[in-house]
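The values are calculated or read from the model by the stated rules, or taken from the named source; none is laboratory data. Computed from a prediction, not measured in an experiment: that's the story for all the values here. Every residue, glycine as well, gets a Cβ built from its backbone with ideal geometry; the counts of neighbours run over all protein chains shown.
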Amino acid sequence: MIRKESAPVPISEEFKAKILKPMPEEMQKVVHFPKFHTPYQSLTASDDGRLLVMTFEPGDRAGEFLFDVFDKDGALIGRKSLNAHVWEGHLWIKICGDQFYCLREKPNGLKKSLFPGSAGNSP
């Protein structure tokens, strides 16, 4: 079990536009957005029990979000700003040992290949 207080993140007009863009115009008219995002977008676990949770909090650079890293006992051990791709609720990231690999979405919508990065106790 993990526990962490999180500040509500308002849903931006940019986010709404991105979600609505592929929908037919009639469907766009009936979509309702809540005032705030849920506390997290997606998550994944490593083989050793660490949990990487993608929040809706903006990251350090454009296109990035903050990720919370929890140890196997549910304690928050760090935060990391990443540009990792989520598609239909699936987070395209894998943790192997102390490295993570993720699929990134470029500004033009193309997906960039997997890349390594640190996923240790100091993310």
Screening 123, 39 for residues that are touching a Phe, Trp or Tyr at 6+ places or on another chain (Cβ under 9 Å), of a type outside the set (Lys, Arg) and at pLDDT below 85 leaves only 123
Any chance residue 50 is basic (Lys, Arg) and either at pLDDT 90 or above or more than 25 Å from residue 94 (Cβ to Cβ) (or both) | no
With (1) in contact (Cβ under 8 Å) with a residue 12 or more places away in the chain; (2) under 23 Å from residue 9 (Cβ atoms); (3) not acidic (Asp, Glu) as the list, and residue 46 as the residue in question, which single condition is left unmet?
-> (2)
Output yes when any residue across the range 47-57 is surrounded by 13 or more Cβ atoms within 10 Å (Cβ to Cβ) and of a type in the set (Val, Ile, Thr), and no when none is.
-> yes
Have a look at 15, 67 and point out the one that is touching a Lys or Arg at 6+ places or on another chain (Cβ under 6 Å), among the hydrophobic types (A, V, I, L, M, F, W, C) and surrounded by 12 or more Cβ atoms within 10 Å (Cβ to Cβ).
-> 67
Only residues in the range 13-36 that are within 16 Å of residue 56 (Cα to Cα) count as the first member; pair them with residues that are outside any loop (DSSP other than H, G, I, E, B), Cβ under 9 angstrom, at least 6 apart or cross-chain, and list the lot.
-> 15/56; 33/15; 33/16; 33/19; 35/10; 36/10; 36/56
For the range 80-89, indicate whether the set of residues that are closer than 27 Å to residue 1 by Cβ, at pLDDT below 75, surrounded by 11 or more Cβ atoms within 10 Å (Cβ to Cβ) and not polar (S, T, N, Q) is non-empty.
-> yes
